[in-house]
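Chemist: Structure provided below as structure tokens; questions to follow.
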Amino acid sequence: MTTGTGASRQPFAHLGTPNEALYRDVLRTFARARDRFIVHMRPEDVAADLGRPGDAEPVGAALDQLVGWGNLRADPDTGRVTTVADFHRARYLYQLTSAGQAAEEAIAVYEEAIGRRGALQSVALADIAGQLRALAELAAVDSVDLDPAKLHLLLLGLAERFTGLADNAQAFMASLRRVIDFSDGDVAAFVAYKQRLIDYINRFIADLANRGAEIATLLGRIEGFDVDRLLTVAATREAADAVPDLPDDETANTEYDTTLAATLDGWRNRWRGLRDWFLSADSRHPSQARLLRGAAVSAITQLIDTVATLNERRSGRSDRSADFRALARWFAEAPDDDAAHRLWRAAFGLTPARHLSVTQPTLAAWHDVEPSPTTPWRDAPAVHISPQLRRTGSYERRGKPTRIADHDEQRRLLLAHVERESAQVAEARRRLATGGPVLLSDLGTLDARAFRLFLGLLGDAMSARRPDDTEVKTTTGDGTMEIRLSLVDDGGTVAIDTEDGVLHGQEHLIEIVDLSRPPVFA
């Protein structure tokens, strides 16, 4: 009895089941056997092909389940029957059903599309231009001398090459977007890959600009020879191959005319796609090639911005997303709710409402009762509001305006404070100015002011240094100081004593120049 041919077929039912891996291996075995022109397989053959000769029982159960879903068909295996007992023992030969074969082809197409990285095919542009040149020469021939076979093969090759170019470009831009989005995974690999990727895109942009102009010219030249005539010749040959012409059969003629119209419509649609890819209708409807060039240029900009962001993170700087991730981690690690509340107030600065002034009686009542945060409002001590606020809506008392305060003394104090800070900063710059290259370990002990200035200089230098650089030269944002930093090979780790503690780091050769002081000439 033949099984697996019921009306209710579910060839995709094995996906998502606990034994999905086994089912997929079994079906791939049948697909590979079909490529070898093997139609039927026995359970032991399947187990051997899977490398599991001792697991005939689970493989047999999987085969029976796939038969029930309609992926496989089971036919009685009478080739090995030698006795009556063998005849009554259930033995089957298995093969893929049409539904199972269609499901395997669909899954293969899906997996190929998901895993495709795509490419920007500069070679395809050259091939398309060469095929269009040959087509232009063929289009100049009269219809009587036109070779339908040569024209048809040329159009088939052109359509195949153009489809590959468009599909690969779309897949590449999608994969490039994923590369940029998931650049946090391996930062060092992404930074190293960035320059090769940018060179690759730049090369394609240049080829697309040059070849695109040539292809656009060739398309216009071909359309001058009545391109619809060429497409009709190709469609006629293709339709004749699909539906043989039977002039004595009216039904066959009707089917031929329908096939010819559908085939010609398909070729016109392909030609329109090719034309729209390289020729712009107007300024509001640019060609796909121009849109692809714009997307590629934008991708280069995004790559450069992403690398700059990664370099800032690696140099110790932070961004808002990193800050929020760190804050979320602190919340998750908070030992209790009270600590989480304190962290919330410290992070977001949320305080009680300030439009009400709490009076001394209220503060005294709160001090005596000390209600917990879970105390309902109706059970908590009341807030005593001044009657002045209830009558007038304001705490201000009406009357003559207050006297203008004299702030001369505060200005003198502020000026003195600014001068003192300026002197301290100048002294710190003088202290840090090395007068030439010196080792970090020779800087000596730094006071608090000089140390803070030194940290700022180091931060500017480290953020300006690229990942593979060993030397860097930069100036501060206000242009008052310049720092030159060079890594010392095998210099080890050094310690710099400061009033705030000890700073440890790799040994460098450093030179700090105070640009605010006039140069001294010998």
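Chemist: Condition (residue is part of a helix (DSSP H, G or I), touching a helix residue (DSSP H, G or I) at 6+ places or on another chain (Cβ under 9 Å) and open to solvent by 60 Å² or more (accessible area, probe 1.4 Å)) applied to the stretch 36-43: is it met by at least one residue?
Modeler: The first filter runs over the stretch 36-43 and keeps only residues part of a helix (DSSP H, G or I), leaving 43.
From what is left, the residues that are touching a helix residue (DSSP H, G or I) at 6+ places or on another chain (Cβ under 9 Å) are 43.
Within this subset, residues satisfying the condition of being open to solvent by 60 Å² or more (accessible area, probe 1.4 Å) are none.
Checking the stretch 36-43: not a single residue is part of a helix (DSSP H, G or I), touching a helix residue (DSSP H, G or I) at 6+ places or on another chain (Cβ under 9 Å) and open to solvent by 60 Å² or more (accessible area, probe 1.4 Å).
Chemist: Determine which single condition ARG32 fails, assuming it passes every other condition in (1) modelled with pLDDT of 85 or more; (2) within 15 Å of TYR94 (Cβ to Cβ); (3) surrounded by 12 or more Cβ atoms within 10 Å (Cβ to Cβ).
Modeler: In the conditions (1) modelled with pLDDT of 85 or more; (2) within 15 Å of TYR94 (Cβ to Cβ); (3) surrounded by 12 or more Cβ atoms within 10 Å (Cβ to Cβ), ARG32 misses (3) alone.
Chemist: Among the residues of the stretch 133-147, what is the count of those that are open to solvent by less than 90 Å² (accessible area, probe 1.4 Å) and assigned to a loop (DSSP other than H, G, I, E, B)?
Modeler: First, the residues of the stretch 133-147 that are open to solvent by less than 90 Å² (accessible area, probe 1.4 Å): 134-136, 138-141, 143, 146-147.
Narrowing further to those that are assigned to a loop (DSSP other than H, G, I, E, B): 140-141, 143, 146-147.
So the answer is 5.
Chemist: Select from the stretch 66-78 the residues that are open to solvent by less than 70 Å² (accessible area, probe 1.4 Å) and either part of a loop (DSSP other than H, G, I, E, B) or in contact with a Phe, Trp or Tyr (Cβ under 9 Å, 6 or more places away or on another chain) (or both) and list them in ascending order.
Modeler: Pass one, the stretch 66-78, residues open to solvent by less than 70 Å² (accessible area, probe 1.4 Å): 66-72, 74-77.
Scanning the stretch 66-78 gives LEU66, VAL67, TRP69, GLY70, ASN71, LEU72, ALA74, ASP75, PRO76, ASP77.
One line per residue, one yes/no per condition, for (1) of a type in the set (Asp, Glu); (2) modelled with pLDDT under 85; (3) surrounded by 12 or more Cβ atoms within 10 Å (Cβ to Cβ):
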residue	(1), (2), (3)
ASN202	no, yes, yes
ASN210	no, yes, yes
ILE215	no, no, yes
LEU219	no, no, yes
LEU231	no, no, yes
ALA239	no, yes, yes
TYR256	no, yes, yes
ARG275	no, no, yes
SER283	no, yes, no
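Chemist: Going residue by residue through the stretch 299-306, is there one that turns out to be modelled with pLDDT under 80, open to solvent by less than 60 Å² (accessible area, probe 1.4 Å), not in a helix (DSSP H, G or I) and not aromatic (Phe, Trp, Tyr)?
Modeler: no
Chemist: Which pairs have Cβ atoms under 6 Å, sit 6 or more apart or on different chains, and link a residue in the stretch 142-171 that is polar (S, T, N, Q) to one that is not in a helix (DSSP H, G or I)?
Modeler: Taking only residues 6 or more apart or on different chains, the pairs are ASN168/GLY118; ASN168/ALA119; ASN168/GLN121.
Chemist: It is to be established whether one or more residues within the stretch 345-366 are more than 30 Å from ASP207 (Cα to Cα), at pLDDT 80 or above, touching a helix residue (DSSP H, G or I) at 6+ places or on another chain (Cβ under 7 Å) and not acidic (Asp, Glu).
Modeler: The answer is yes; a qualifying residue exists.
Chemist: Taking the conditions exactly as written (over 30 Å from ALA308 (Cβ atoms), in a loop (DSSP other than H, G, I, E, B) and touching a strand residue (DSSP E or B) at 6+ places or on another chain (Cβ under 7 Å)), does GLY436 satisfy them or not? Please lay out each step first, then the result.
Modeler: On the way: over 30 Å from ALA308 (Cβ atoms): yes; in a loop (DSSP other than H, G, I, E, B): yes; touching a strand residue (DSSP E or B) at 6+ places or on another chain (Cβ under 7 Å): yes.
Answer is yes for this residue.
Chemist: Would the stretch 453-472 turn up any residue that is closer than 26 Å to VAL307 by Cβ, open to solvent by less than 30 Å² (accessible area, probe 1.4 Å) and in a strand (DSSP E or B)? Steps first, please.
Modeler: Taking the stretch 453-472 first, the residues closer than 26 Å to VAL307 by Cβ are 455-472.
Next, from what is left, pick out any that are open to solvent by less than 30 Å² (accessible area, probe 1.4 Å): 457, 461, 472.
Applying the additional criterion that residues be in a strand (DSSP E or B) yields 472.
Yes: one or more hits.
Chemist: Quick one: in the stretch 79-94, of everything that is under 17 Å from THR29 (Cα atoms) and open to solvent by less than 40 Å² (accessible area, probe 1.4 Å), which residue is modelled with the lowest pLDDT?
Modeler: Of all residues in the stretch 79-94, those under 17 Å from THR29 (Cα atoms) come to 92-94.
Imposing the further condition that a residue be open to solvent by less than 40 Å² (accessible area, probe 1.4 Å) reduces the set to 93-94.
Values: LEU93: 86, TYR94: 89.
Only one residue tops the list, namely LEU93.
Chemist: Another question, then. LEU414: out of contact with any Cys (no Cβ under 7 Å at 6 or more places or on another chain), open to solvent by 90 Å² or more (accessible area, probe 1.4 Å) and without any contact (Cβ under 8 Å) to a residue 24 or more places away in the chain, yes or no?
Modeler: Yes; evaluated as a whole, the condition is true for this residue.
Chemist: Please go through the stretch 48-76 and pick out each residue that is closer than 19 Å to GLN10 by Cα, of a type in the set (D, E, K, R) and in contact (Cβ under 8 Å) with a residue 24 or more places away in the chain.
Modeler: ARG73
Chemist: For ALA423, all conditions in the list (1) in a helix (DSSP H, G or I); (2) in contact (Cβ under 8 Å) with a residue 40 or more places away in the chain hold save one; what is the number of the exception?
Modeler: (2)
The values are calculated or read from the model by the stated rules, or taken from the named source; none is laboratory data. Here the structure is a predicted model, which means the values were calculated and not measured. Backbone-built Cβ (ideal geometry, glycine too); neighbour counts: all protein chains shown. We work out accessible area using only protein heavy atoms, side chains counted, and drop any ligands, DNA or RNA first. Shrake-Rupley method; radii C 1.70, N 1.55, O 1.52, S 1.80 Å.
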